[in-house]
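Report on the following structure.
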Amino acid sequence: MGRRRGIAVLGVALVCSGFACATEEPEATTVVSLGVAAAPSLSEAFVDIIRMFEEDNPGVRVHLELGRSDEIAEGLPDRTDLNVFASASEEVMEIAVEQGTAVEPQVFARNHVVVAVPSGNPGGVRGMGDLVRPELRVGLCASDTPCGKATEKVLGAWSVEPADVTWEAGSRALAARLADGEMDVGIIYRTDVASSNGWVAPVEVEGRERDLMQAAGTTRYVLARVPGGESGPGGEVERVAADRFRELVTSDRGRRALESTGLDALPE
């Protein structure tokens, strides 16, 4: 089955031999392929986790796909090359579980949106109240994305209606436009601020506004196993690998990788 259009494919692989602790001892040249699909805001953390996983499990080659959670979930019934799904939408994961295309869901991390500006804050933005200023170019995530839904909750709770808005397909795309100076202010995930290498900065808002954004503007990530990826002759070995990968994500080492990118890692 081919990859779904619109989903970026990122290969993070170390080709080794043998996968210890499979149900049967494989041939020395056996390489287990593990497919992991995740929301783009998890990319930096998952790249680190995959490197650790491959070092711990010689003989497993992990392929990471980044894409919108709803698009990934929509394609799961036809996918036999995915074993783990990390969704940025609890609603999307609930539907996938109901359909049987994902099993054993577990909330493992959370992210929240922040008011962000280009480096130097040329528009003099001090908080969400400034989003109504007509001279500012305001960027927001599209309402059908996890970032957009979190943003809607924050704006509604603060009773703010931005004057002039450009809608972007996601937090990462909006962060890029802020970094290029094409927007004066936006609301994006704090992970995308952290990964901008200083080109985008968070606005240091006051305590009540900060607490509101952390409460209302939070996205929770859900990790699940994809049983469709275990349908082939190597299914049992792939299931063992998928379970081990999920265990690493929720381990202390996985938590540190998540937190290093600005995510809140939830307790095991």
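The values are calculated or read from the model by the stated rules, or taken from the named source; none is laboratory data. What you are looking at is a predicted structure, and each value in this text was computed from that prediction instead of being measured. Here the Cβ positions follow ideal geometry from the backbone for every residue, glycine too, while neighbour counts run over all protein chains shown. These accessible areas exclude ligands, DNA and RNA; they are computed on the full protein's heavy atoms, side chains included. Shrake-Rupley method; radii C 1.70, N 1.55, O 1.52, S 1.80 Å.
For the stretch 192-213, the condition holds for no residue, the condition being that it is more than 19 Å from ASN111 (Cα to Cα) and of a type in the set (Val, Ile, Thr).
The single condition from (1) farther than 25 Å from GLN106 by Cα; (2) open to solvent by 20 Å² or more (accessible area, probe 1.4 Å); (3) not in a loop (DSSP other than H, G, I, E, B) that ALA163 fails is (3).
Quick check on the stretch 180-201. Is at least one of its residues aromatic (Phe, Trp, Tyr) and surrounded by fewer than 17 Cβ atoms within 10 Å (Cβ to Cβ)? Walk me through how you get there before you give the answer.
The first filter runs over the stretch 180-201 and keeps only residues aromatic (Phe, Trp, Tyr), leaving 189, 199.
Okay, now just the ones that are also surrounded by fewer than 17 Cβ atoms within 10 Å (Cβ to Cβ), so 199.
Yes: the stretch 180-201 contains one or more residues that are aromatic (Phe, Trp, Tyr) and surrounded by fewer than 17 Cβ atoms within 10 Å (Cβ to Cβ).
Considered as a group, the residues in the stretch 116-130 that are modelled with pLDDT of 95 or more and either under 23 Å from THR219 (Cα atoms) or in a strand (DSSP E or B) (or both) include one that is nearest to the chain's Cα centre (by Cα), and that residue is ALA116.
Out of all the residues in the stretch 78-91, is one or more of a type in the set (Asp, Glu) and either touching a Leu at 6+ places or on another chain (Cβ under 8 Å) or within 19 Å of TYR221 (Cβ to Cβ) (or both)?
Taking every residue of the stretch 78-91 in turn, at least one turns out to be of a type in the set (Asp, Glu) and either touching a Leu at 6+ places or on another chain (Cβ under 8 Å) or within 19 Å of TYR221 (Cβ to Cβ) (or both).
Might you let me know whether the stretch 132-146 holds any residue that is within 27 Å of VAL205 (Cβ to Cβ), buried (at least 22 other Cβ atoms within 10 Å of the Cβ) and of a type in the set (D, E, K, R)? Checking the stretch 132-146: not a single residue is within 27 Å of VAL205 (Cβ to Cβ), buried (at least 22 other Cβ atoms within 10 Å of the Cβ) and of a type in the set (D, E, K, R). Scoring GLU236 on the criteria (1) more than 26 Å from ALA142 (Cβ to Cβ); (2) more than 18 Å from the chain's Cα centre (by Cα); (3) open to solvent by less than 50 Å² (accessible area, probe 1.4 Å) leaves a single failure, condition (3). Take the conditions (1) within 22 Å of the chain's Cα centre (by Cα); (2) open to solvent by 20 Å² or more (accessible area, probe 1.4 Å); (3) under 24 Å from GLU98 (Cα atoms); SER251 misses just one of them, which is (3). Is there a residue in the stretch 139-147 that is charged (D, E, K, R) and outside any strand (DSSP E or B)? Checking the stretch 139-147: at least one residue is charged (D, E, K, R) and outside any strand (DSSP E or B).
Answer with yes or no whether ARG177 is of a type outside the set (Asp, Glu) and surrounded by 21 or more Cβ atoms within 10 Å (Cβ to Cβ). No, not satisfied. Taken over the stretch 160-202, the residue count meeting the criterion of being within 24 Å of ALA45 (Cβ to Cβ), out of contact with any Leu (no Cβ under 7 Å at 6 or more places or on another chain) and not acidic (Asp, Glu) is 22.
The criterion of at least 3 residues that are touching a residue at least 12 places away in the same chain (Cβ under 8 Å) and farther than 30 Å from GLY124 by Cβ is met, among helices (runs of 4 or more DSSP H) falling completely within the stretch 179-268, by 235-249, 252-259. From the list GLU98, GLU55, GLU65, GLU74, the one residue that fits, being modelled with pLDDT of 95 or more and either in contact with a Gly (Cβ under 6 Å, 6 or more places away or on another chain) or within 20 Å of ARG255 (Cα to Cα) (or both), is GLU55. Among the candidates VAL117, VAL36, VAL97, VAL62, the residue that is among the hydrophobic types (A, V, I, L, M, F, W, C), at negative phi and open to solvent by 10 Å² or more (accessible area, probe 1.4 Å) is uniquely VAL97.
When ARG126 is tested against (1) open to solvent by 60 Å² or more (accessible area, probe 1.4 Å); (2) touching a Ser or Thr at 6+ places or on another chain (Cβ under 9 Å), exactly one condition is not met: (2).
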